[in-house]
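Step one of this worksheet: look at the structure below.
The values are calculated or read from the model by the stated rules, or taken from the named source; none is laboratory data. Quantities reported herein were computed from a predicted structural model and do not represent experimental measurements. All Cβ positions, even for glycine, are placed from backbone atoms using ideal geometry, and neighbour counts span all protein chains on display. For the accessible areas, the whole protein counts, side chains as well, though only heavy atoms, and no ligand, DNA or RNA atoms are used. Shrake-Rupley method; radii C 1.70, N 1.55, O 1.52, S 1.80 Å.
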Amino acid sequence: MDIAKRFSENPLLRPNDIKPSMPDMEILCLLNPGVFTYDDRIWLLCRVAERTPQTTNSIKVPVFDEHGKVQILEFDLNDPDLDASDPRVIKYKGVNYLTSLSHLRLVCSKDGIHFYESDDFPLITGKGSLESFGIEDCRVTLIGKTYHLTYTQVSSIAVGVGHMQTTDWKTFQRNGMIFPPHNKDCAIFDEKINGKYYALHRPSSPELGGNYIWIAESEDLKHWGNHRNIALTRPGKWDSVRIGAGAAPIKTEKGWLEIYHGANEQNRYCLGAILLDLNDPGKVIARSKEPIMEPIAEYEKTGFFGNVIFTNGHLVNGDTITVYYGASDEVICGAHLSISEILSTLNQ
Ligand code: MAN
């Protein structure tokens with residue numbers, strides 16, 4: 001059952017609402033924001049997916065070279081070695097390329113509905129060979145005065161989780177890859193539990209296993225160990241093929257509440273919830289049987305990659321969670337969820 005109350009202003013942000021990072025690029029998708037408050041404002045750290053305008057007979061793919069400069073690769077659409085059936089990723093002679101290159105962009109707001117860019121803050125782009133296909137889907141966790149950013153690093157050789165930190169959103173300390181390939185959807189808890197940091201993450205194991213949610217511990221937020229699986233995909237259900245954590249878990253009286261995404265064979269992405277033990281978040285207390293939010297609005301059903309609701313950022317105020325999410329991998333939307341209502345669905 002869908003229990004989300006969508007903003008009537010949705011979509012809040014569309015690709016045309018911001019400017020491309022370079023003159024000869026166009027923004028294809030504006031999606032999957034990390035969310036935080038800073039300087040009395042609400043901020044979204046958006047994923048901006050850009051490409052070069054396409055010509056009719058070829059497909060052009062932007063990549064960062066080793067100096068952080070954008071290079072354009074071009075493939076003939078009639079070439080039998082090209083598989084361009086997925087709008088997100090093409091395959092040429094067995095090698096995968098993303099059709100767009102993502103960076104991260106800050107927008108801010110006083111009311112959580114109307115967002116604008118501030119010239120004072122830099123955009124964050126991929127750097128180095130592990131980010132040559134861009135950086136994506138950043139979670140933001142505030143611990144003390146430091147914001148921790150965990151995001152997907154994409155390159156021709158890997159998809160892994162990168163970590164950077166900042167206190168002022170102007171200078172960033174890059175700490176490299178903290179969860180090696182294949183891994184994404186990493187969310188760090190915003191407080192220590194029994195003296196240790198915790199993070200949810202999503203390794204993929206293609207031969208045995210699958211795309212499941214795991215938990216890890218750390219003393220310093222950089223070196224992670226004691227990995228344990230906390231949730232599997234469920235055959236025949238809405239989360240049958242792929243699951244992954246959203247933003248940092250929310251501390252409630254009943255346990256740590258995590259909103260996660262689940263996708264099925266049709267690549268339909270819905271949101272559900274998992275409740276984790278307050279003292280040992282590796283223990284699952286309850287999990288949604290049915291989605292708490294599914295793609296039902298028009299902007300969630302059609303777009304760049306339709307039937308997708310994906311969240312990696314929210315704000316909490318009392319019982320209300322304001323979820324910001326990517327719809328159809330193309331636009332950014334908002335919705336309210338009630339913590340007590342989510343918890344009551346878990347007990348059914
Ligand atoms: C998948 C999708 C894309 C994403 C790539 C790399 O293909 O989630 O949106 O760009 O993985 O992370």
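Normalised by residue count, the range 117-276 yields a Cα convex hull volume of 141 Å³ per residue. Modelled this way, with points 7 Å down the Cα-to-C-beta line, the labels at residue 22 and residue 182 are 2.8 nm from one another. Each Lys or Arg adds one and each Asp or Glu subtracts one; over the other residues with Cβ under 12 Å from the Cβ of residue 165, this totals +1. Taking amide hydrogens as placed 1.01 Å from N in the peptide plane, the amide H of residue 310 sits under 5 Å from those of 326, each at least 5 positions away in sequence or on another chain. For the range 242-265 versus the range 103-177, the spacing of their alpha-carbon centroids is 21 Å. Computed from backbone phi, the HN-Hα couplings of the range 158-165 come to 6, 10, x, 9, x, 10, 9, 9 Hz, rounded to whole numbers (Karplus: 6.51 cos²θ - 1.76 cosθ + 1.60, θ = phi - 60°; Gly and Pro given as x).
Think of the chain as having a plus end and a minus end, set by charges on the Cβ of Lys, Arg, Asp and Glu; of 36, 143, 166, 143 sits farthest toward the positive end of this dipole. Under the simplified labelling scheme, the residue 146-residue 14 pair shows an inter-label distance of 4.1 nm, with each label point 7 Å from Cα along Cα→Cβ.
With contacts taken as Cα pairs under 8 Å and at least 6 residues apart, the chain reaches a relative contact order of 16 percent. Site-free segments of the chain were taken between trypsin sites (Lys or Arg not before Pro) in DSSP loops having at most 10 other Cβ atoms within 10 Å, sites themselves excluded; the longest one is 171-348.
In a solvent-free Debye calculation with one equal scatterer on each Cα, what is log10 I(q)/I(0) for the range 227-298 at q = 0.14, 0.21, 0.24, 0.28 Å⁻¹, listed in the order of the q values? With one equal scatterer per Cα and no solvent, log10 I(q)/I(0) is -0.42, -0.88, -1.08, -1.32. Phi angles across the range 100-110 convert, under the Karplus curve 6.51 cos²θ - 1.76 cosθ + 1.60 with θ = phi - 60°, into 3J(HN,Hα) values of 9, 10, 9, 10, 10, 9, 8, 10, 9, 7, 8 Hz, Gly and Pro given as x.
Kirkwood hydrodynamic radius (Cα pairs, Å) of the chain?
Details: mean 1/r = 0.0492 Å⁻¹.
When all Cα pairs of the chain are included, the Kirkwood radius is 20.3 Å.
Among 29, 108, 186, determine the one that fluctuates most according to a GNM of the chain built with springs between C-alpha atoms less than 10 Å apart. Evaluated over the chain, the most mobile residue of the options is 108.
Extension gain for residue 1 to residue 265 (0.36 nm times residue separation, less C-alpha to C-alpha distance): 93.1 nm. Between the residues 100, 293, 231, the greatest Cα displacement towards the positive end of the dipole of the chain, with unit charges on the Cβ of Lys, Arg, Asp and Glu, is found for 231. Rg and Dmax, both from the Cα atoms of the range 35-108 and both in Å, are 16.2, 54. The residues of the chain expose, per residue, 43 Å² of accessible area to a 1.4 Å probe. A simple rule links phi to the HN-Hα coupling: the Karplus curve 6.51 cos²θ - 1.76 cosθ + 1.60 with θ = phi - 60°, which for the range 323-335 gives 9, 9, 8, x, 10, 6, 6, 10, 10, 10, 10, x, 7 Hz, with x for Gly and Pro. Residues whose amide H lies under 5 Å from that of residue 58, counting only those 5 or more places away or on a different chain, are 77; hydrogens are built 1.01 Å from N in the peptide plane.
The calculated FRET efficiency for residue 76 paired with residue 96, based on their beta-carbon distance and R0 = 22 Å, is about 0.80.
Between residue 336 and residue 157, the simple label model (points 7 Å from Cα in the Cβ direction) yields a spacing of 5.0 nm. About its Cα centre, the chain has a charge dipole of approximately 620 debye under the convention of +1 per Lys or Arg Cβ and -1 per Asp or Glu Cβ, with nothing else charged.
Relative to the present Cα-Cα distance, how much length would full extension add between residue 65 and residue 123 at 0.36 nm per residue of separation?
19.1 nm
Charge tally around residue 223: other residues with Cβ under 13 Å, Lys/Arg +1 each, Asp/Glu -1 each, net -1.
Could you give the size of the charge dipole of the range 286-348 about its Cα centre, using +1 on the Cβ of each K and R and -1 on the Cβ of each D and E, expressed in debye and rounded to the nearest 20?
Computed charge dipole of the range 286-348: roughly 180 debye.
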